[in-house]
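The values are calculated or read from the model by the stated rules, or taken from the named source; none is laboratory data. Fair warning: this is a prediction, and the values are worked out from it, not measured in the lab. Every residue, glycine among them, receives a Cβ derived from its backbone with ideal geometry; neighbour counts consider all protein chains shown.
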Amino acid sequence: MHRAKDRFKWFLASMLFAKRISSTVAKNTFRRFSEEGLITPDAIIGAGWDRLVKVLDSGGYVRYDFSTATNLLSVSDSLLKKYGSLERLHKKAESSKCLEEMLMEFKGVGPVAVNIFLRELRGIWEKAAPAPSPLALRVARRLRLKKVDEYESQLVRLELEFCRKRKCDICPVTDMCTDRRVQKQGETSHAGRQMNLSNASQHHSMNGTQGVSLG
């Protein structure tokens, strides 16, 4: 995520993941865009609407294929004409809130897509400081974790991969969860929480749940 081209790729992925569609479909569709070389604004514009629809369909993104193809063309065109790149957009933003508003001016880009995009850029973009998502806050409450910003990506993935699927028995932080009806022995230390969350992130990386390869 430290390269400008990777940030646009993640912006594309964020738009795909933001729809009410399974993370597996979104991930497969992003992979198809990568395979087709459609990972820059110029490439997306050059592909045209018909080809974008075909690529979206090949990844299983059938439910939103027409509207997403239209939005991707609009976003790519507007980005190039108005700012030239995401980097220039970020530089032009006066604050974190301004950055979020500027991103949401693009057609089809709403609060969910912006949150997904910016939470991975904390520490990379100075003005990337989105409020924690409801998903992350919900899991943080269950784990009695206060540093939500620091672990937001891992918390969201826990919600999507374990909580929603009711896979409590194999969740790497089940012993910390207040929703689990199990007898707890002793209090988990803060260091233990950090280690377990790290394990959750590693588990996600191996299973490729919501993450996508930008390499």
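Overview of results
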item	result
Looking only at the range 123-138, and only at residues there that are at pLDDT 90 or above and aliphatic (A, V, I, L, M), the one that is surrounded by the most Cβ atoms within 10 Å (Cβ to Cβ)	ALA128
All positions within the range 157-181 that are in a loop (DSSP other than H, G, I, E, B), in contact (Cβ under 8 Å) with a residue 12 or more places away in the chain and surrounded by fewer than 18 Cβ atoms within 10 Å (Cβ to Cβ)	THR178, ASP179, ARG180
Only listed residue being of a type in the set (A, V, I, L, M, F, W, C), modelled with pLDDT under 85 and under 14 Å from the mean Cα position of the chain (by Cα), chosen from LEU160, LEU118, LEU197	LEU160
Any hit, the range 63-82, residues being without any contact (Cβ under 8 Å) to a residue 60 or more places away in the chain, crowded, with 19+ Cβ neighbours inside 10 Å and under 25 Å from CYS177 (Cβ atoms)	no
Filtered residue count, the range 1-28, keeping only those that are of a type outside the set (Gly, Ala, Ser), part of a loop (DSSP other than H, G, I, E, B) and touching a helix residue (DSSP H, G or I) at 6+ places or on another chain (Cβ under 7 Å)	3
Single condition GLN154 does not satisfy, out of (1) surrounded by fewer than 14 Cβ atoms within 10 Å (Cβ to Cβ); (2) out of contact with any Phe, Trp or Tyr (no Cβ under 9 Å at 6 or more places or on another chain); (3) at negative phi	(1)
Total residues in the range 108-148, condition assigned to a helix (DSSP H, G or I), free of Cβ contacts under 8 Å to residues at least 60 places away in the same chain and not aliphatic (A, V, I, L, M)	7
